[in-house]
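The values are calculated or read from the model by the stated rules, or taken from the named source; none is laboratory data. Quick caveat, the model's predicted, so the values are computed rather than measured. Every residue, glycine among them, receives a Cβ derived from its backbone with ideal geometry; neighbour counts consider all protein chains shown.
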């Protein structure tokens, strides 16, 4: 008895889907996650990896099957069968990619919006309102004019109360980090684990990009146009900061590190590196 082609296709589709789900969930290709944003991004990556695995195995398998099943046999000089079209098949192979692309687009937009990426695109003043309502971060914008637009918000919209503000300057070919409160300037970014950090970033020459793969966050750093990036580190350690925008002949060497400390270790770092004139100033909170 011949098995109906529709049943074979259904079974193969189910098997292929299960294999894709297993690969997407169990094969880890991303670096360690070290921020609160990472699980959100990783969920999207898992979906995309699952879809990509299903498409790769399915299309490759179909091509290999066709090469074997429909090859020209030895001694066969006849013309191939005249096939003009198959409307149901054409509808299916058009509808499935359309649904997949629509789903991925909506899902990606939702995650990007949850990470704060879309809000400033709708209303640039929303960022200013968020900054003004937050005493911790508002000092970072004091040097800007009231008409200046601050782009970004990737990671979290604005910043939570108690966020650590850091000013980032990018130049060919280095990142410089300044902590406005204690007056510390460093070539590495030091942050406490479990506390939100808000970066106000600006470039001195050309466009750069601040990227920490373990945080799953990247933001452009633009001359004359401040951008914001917020994150909450969740794992202590040292992670590379990479410029992900071609910025000149030594672009590949424009790297630094973000060092995530345990809270007590970060307090010790602050106390050790705070300038004496600032530490002794009236009203300055000692670590």
Q: Give 55, 87 a once-over and let me know the one that is free of Cβ contacts under 8 Å to residues at least 60 places away in the same chain and within 21 Å of residue 26 (Cβ to Cβ).
A: 55
**Q.** Residues satisfying the stated conditions in the range 180-194, i.e. under 24 Å from residue 222 (Cβ atoms) and either free of Cβ contacts under 8 Å to residues at least 24 places away in the same chain or not in a loop (DSSP other than H, G, I, E, B) (or both)
**A.** 185, 186, 189, 191
Q: Quick one: count up the residues across the range 236-264 that are outside any strand (DSSP E or B), closer than 24 Å to residue 192 by Cβ and either within 23 Å of the chain's Cα centre (by Cα) or free of Cβ contacts under 8 Å to residues at least 12 places away in the same chain (or both).
A: 2
Q. So how many residues does the range 1-45 have that are under 12 Å from the mean Cα position of the chain (by Cα), under 30 Å from residue 93 (Cβ atoms) and not in a helix (DSSP H, G or I)?
A. 0
Q.
Every residue in the range 195-235 that is outside any strand (DSSP E or B) and within 19 Å of residue 42 (Cα to Cα), please.
A. 213, 214, 215, 216, 232, 234, 235
Q: State whether the residues of the range 85-97 include one that is more than 30 Å from residue 215 (Cβ to Cβ) and in a loop (DSSP other than H, G, I, E, B).
A: yes
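Here is a yes/no grid of residues against (1) on the phi < 0 side of the Ramachandran plot; (2) surrounded by fewer than 20 Cβ atoms within 10 Å (Cβ to Cβ):
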residue	(1), (2)
176	yes, yes
186	yes, yes
193	yes, yes
198	yes, no
207	yes, yes
216	no, no
222	yes, yes
**Q.** Given (1) at pLDDT below 90; (2) touching a helix residue (DSSP H, G or I) at 6+ places or on another chain (Cβ under 7 Å), index of the condition residue 227 fails
**A.** (2)
